[in-house]
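What follows is a set of notes on a single structure, which appears directly below.
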Amino acid sequence: MTACARLKLRAEDAGDLAVISACLQDAVFAVGELAFEPAESRFAALAVRRCRAAEGGPEGQAAAALRFDSVSAVKMRGIDRAQPARVLQLAGIVAEPGRRRTVVRLLFRDGPEIWLEAEALACRLQDLEDPRPGSARTEERTP
């Protein structure tokens, strides 16, 4: 029996993104698994997310892919791309819609941030495997 359901979610507004942010809270990302693909206007990342089962059931973890489309620029603060094995723990994701563009901020514990500038909010989160029951400590496995 799995700890929780396999996720496949889409966000097109700030409310939708809040759901994805909640699903990814405390997920871990390796710096080397963060990629901006300018030709495709895409930012993608691999993560290991914590799975929280309902009603006190077992917790677990799952590898997941996070993707933002229509991205025109990416800025990072507190993230050294020369350290690809460094692990970042996600605190949350927020969208700041504007008139001409949307800014999405990925906020990590201890201060690192990623800013995505996009024409519109277009995000997808999909588990790459069935969630595994067991330790909910995502730090034990990197993406």
Does L90 satisfy being of a type outside the set (F, W, Y), in contact with a helix residue (DSSP H, G or I) (Cβ under 6 Å, 6 or more places away or on another chain) and buried (at least 21 other Cβ atoms within 10 Å of the Cβ)? yes
Do we have I114 as closer than 20 Å to K8 by Cβ, buried (at least 21 other Cβ atoms within 10 Å of the Cβ), at pLDDT 95 or above and not charged (D, E, K, R) here? no
Conditions (1) assigned to a strand (DSSP E or B); (2) among the aliphatic types (A, V, I, L, M); (3) buried (at least 16 other Cβ atoms within 10 Å of the Cβ): number failed by L17: (1)
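Can you tell me which residues in the stretch 32-53 are within 19 Å of D80 (Cβ to Cβ) and among the hydrophobic types (A, V, I, L, M, F, W, C)? Working first, answer last.
Pass one, the stretch 32-53, residues within 19 Å of D80 (Cβ to Cβ): 32-36, 43, 45-47.
Those that are within 19 Å of D80 (Cβ to Cβ) and among the hydrophobic types (A, V, I, L, M, F, W, C): L34, A35, F36, F43, A45, L46, A47.
Sort through R81, R50, R101 and tell me the only one that's farther than 16 Å from D127 by Cβ and touching a strand residue (DSSP E or B) at 6+ places or on another chain (Cβ under 7 Å). Please lay out each step first, then the result.
Values: R81 fails: touching a strand residue (DSSP E or B) at 6+ places or on another chain (Cβ under 7 Å); R50 fails: farther than 16 Å from D127 by Cβ.
Step by step, each of R81, R50, R101 is checked, and only R101 is farther than 16 Å from D127 by Cβ and touching a strand residue (DSSP E or B) at 6+ places or on another chain (Cβ under 7 Å).
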For the structure I just gave you, tell me whether G32 is outside any strand (DSSP E or B), farther than 26 Å from D130 by Cα and at pLDDT 95 or above. no
Just checking, which of E96, E55, E129 is at pLDDT below 95 and part of a loop (DSSP other than H, G, I, E, B)? E129
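The values are calculated or read from the model by the stated rules, or taken from the named source; none is laboratory data. Computed from a predicted model, the values in this text were never measured in an experiment. Note that each Cβ is placed from the backbone with ideal geometry, even for glycine, and that neighbours are counted across all protein chains shown.
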